[in-house]
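The values are calculated or read from the model by the stated rules, or taken from the named source; none is laboratory data. Note that the structure is a prediction, hence the values are computed from the model and not measured. Cβ sites come from the backbone with ideal geometry, for glycine too, and all protein chains shown count toward neighbours. These area figures cover heavy atoms from the full protein model, side chains too; ligands, DNA and RNA do not enter into them. Shrake-Rupley method; radii C 1.70, N 1.55, O 1.52, S 1.80 Å.
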Amino acid sequence: MDFDLVIRDGNAVTATEEVFCDIGIKGGTIAAIGKKLPKGEREIDAEGNYVFPGGIDSHTHIEQLSSSGIMCADDFYTGTVSAAHGGTTTILSFAAQHKGDSLRDVVSDYHMKAKEKAVIDYGFHLIISDPSESVLQDELPELIRNGYTSFKVYMTYDALRLDDYQMLDVFHLARREGALTMIHAENHDIIRWVTKRLLDLGARAPKFHAVSHPRLAEGEATSRAISLAEFLDTPCLIVHVSAEDGMEAIQRAQRRGLKVFAETCPQYLFLTAEDLDQPDMAGAMCCCSPPPRDVASQEAIWRGLANGTFQVFSSDHAPYRFDETGKLSQGEEAPFNKIANGVPGLEVRMPLLFSEGVLKKRIDLHQFVDLTSTRAAKLYGMFPRKGSISVGADADLVIWDGQKEVTIAWENLHDNVGYTPYEGRKVTGWPLTVLSRGRVVVDAGELQAEKGSGLFIPREKPSSAEPLGRGSHEAGLMARYGFGEAW
Ligand code: URP
Ligand code: ZN
Ligand code: ZN
């Protein structure tokens, strides 16, 4: 066979295997894997380097208008360029519904934003903040069939939160239509109550953000979300878990055999509440929800990555500049509860986990690949097209120099945020060459991809979203009384 490209003599690592081989690429997909493949039109020598499936960052906020009207700093060009430089070849970003919006309109709006700009492939999760009758009955089922097979709901934030009744409505729909529900789990009233008391005491600085979002509020909401999902026998995925409280609820559910999946992010491994305690407003740069906790929580999260509690490691890249367009949109004196929530991280996500996880032997290479790529592809309905090195898969690959030492500095990153919370941190391991569908998108730190060359990836209904078939006692009663279908 004539190959367009052969990646020669790399150490190919997947979630389950490690093989020294050549990879032959034709027409954007992997056409052969083996030793001494025939010469390709183009050749890349990967000897001495790893070849991983391209990273999948399954939690990013790109060109998204926040519920308080602040636009993210990264659009689909800067966001995807930055992702590609860090070894990520697919992002899942949010198409965010604000109350009263038609979900169909929201989705077409995000398509318009992404189509002309993305340099790597992308898909959308939906954010559902208004599960009205028409959204649930009419719009969502069609969108799910068209490849938007996951959505996020919030248990906090005034403008986004669903109450338990609405969560049940969404879970019911998710089970019926085969979609996966992602949950931002924090107890809204605990946060509201603590915030009010802090502000009454005159405690306004960014560091109080960490006080106002207690670990227990995360743990309680996580347990509640899992109970609601279990009641309706639908799987769920708890996003951006920050500490043991949430983790324990997840582990309890997983031990009981429930399909409860979990995600964590770099900010919970590499930042603590101390990072919010900086002079003036600088701590605002590290304000995100849930907030970074303490060293014990970081260790707990590392254990969760190693023992399989977490399936995905995403960035939750929520890019806001440290100026009046972003973090300081409510002024330089704004109290902590008026600071835009979120931290950037999509370019450094894989290097941070490789360096501190693999090289420090907290996780192995296969876990690294699974957490940064393969499992997201499986959970969100893109496998094996994405997240694998196998014949027929998209040739989304990253040739990774496992020895390259880099000191993280925002001026060398490619996002539009203006800072990184990881400034000055030294990491070992960085992408050399990044391929998306066989196209070299980044080579030796240089962008090679054309604006708009990324593709929308419609996603399958994932098996992760299939119910267990373990209905509640009440579901059994309803079936006995002849109302099984409606339940
Ligand atoms: O603080 C965060 N995580 N901001 C981004 C929005 C979200 O809740 O994921
Ligand atoms: Zn969230
Ligand atoms: Zn997020």
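Under the condition of being in contact (Cβ under 8 Å) with a residue 40 or more places away in the chain and in a loop (DSSP other than H, G, I, E, B), which residue from the range 97-111 is surrounded by the fewest Cβ atoms within 10 Å (Cβ to Cβ)?
99
Of all residue pairs spaced 6 or more apart or on separate chains, those with beta-carbon atoms under 8 Å, a first member in the range 79-96 that is under 14 Å from residue 319 (Cβ atoms) and without any contact (Cβ under 8 Å) to a residue 40 or more places away in the chain and a second member that is away from ligand 1 (no atom under 14 Å from the Cβ) and among the hydroxyl-bearing types (Ser, Thr, Tyr) are 93/110; 93/122.
Here is a yes/no grid of residues against (1) surrounded by 14 or more Cβ atoms within 10 Å (Cβ to Cβ); (2) touching a residue at least 40 places away in the same chain (Cβ under 8 Å); (3) closer than 28 Å to residue 238 by Cβ:
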site	(1), (2), (3)
393	yes, yes, no
401	yes, yes, no
404	yes, no, no
452	yes, yes, no
456	yes, yes, yes
468	no, yes, yes
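Apart from one condition, residue 93 fits all of (1) surrounded by 22 or more Cβ atoms within 10 Å (Cβ to Cβ); (2) at positive phi; the exception is (2).
Out of all the residues in the range 443-473, which are in contact with a Pro (Cβ under 7 Å, 6 or more places away or on another chain) and among the polar types (S, T, N, Q)? If the condition is that a residue be in contact with a Pro (Cβ under 7 Å, 6 or more places away or on another chain) and among the polar types (S, T, N, Q), then 464 is the only one that fits.
Quick grid of which residues meet (1) outside any strand (DSSP E or B); (2) open to solvent by less than 60 Å² (accessible area, probe 1.4 Å); (3) within 21 Å of residue 88 (Cα to Cα):
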{"residue": "30", "(1), (2), (3)": "no, yes, yes"}
{"residue": "33", "(1), (2), (3)": "no, no, no"}
{"residue": "43", "(1), (2), (3)": "no, no, no"}
{"residue": "59", "(1), (2), (3)": "no, yes, yes"}
{"residue": "67", "(1), (2), (3)": "yes, yes, no"}
{"residue": "73", "(1), (2), (3)": "yes, yes, yes"}
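Of the residues screened, residue 204 is one that is in a loop (DSSP other than H, G, I, E, B), over 20 Å from the mean Cα position of the chain (by Cα), touching a residue at least 12 places away in the same chain (Cβ under 8 Å) and surrounded by fewer than 23 Cβ atoms within 10 Å (Cβ to Cβ).
Quick grid of which residues meet (1) within 16 Å of ligand 3 (Cβ to nearest atom); (2) touching a strand residue (DSSP E or B) at 6+ places or on another chain (Cβ under 7 Å); (3) open to solvent by less than 30 Å² (accessible area, probe 1.4 Å):
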{"residue": "145", "(1), (2), (3)": "no, no, no"}
{"residue": "166", "(1), (2), (3)": "no, no, no"}
{"residue": "178", "(1), (2), (3)": "no, no, yes"}
{"residue": "198", "(1), (2), (3)": "no, no, yes"}
{"residue": "224", "(1), (2), (3)": "no, no, no"}
{"residue": "227", "(1), (2), (3)": "no, no, no"}
{"residue": "242", "(1), (2), (3)": "yes, no, yes"}
{"residue": "251", "(1), (2), (3)": "no, no, no"}
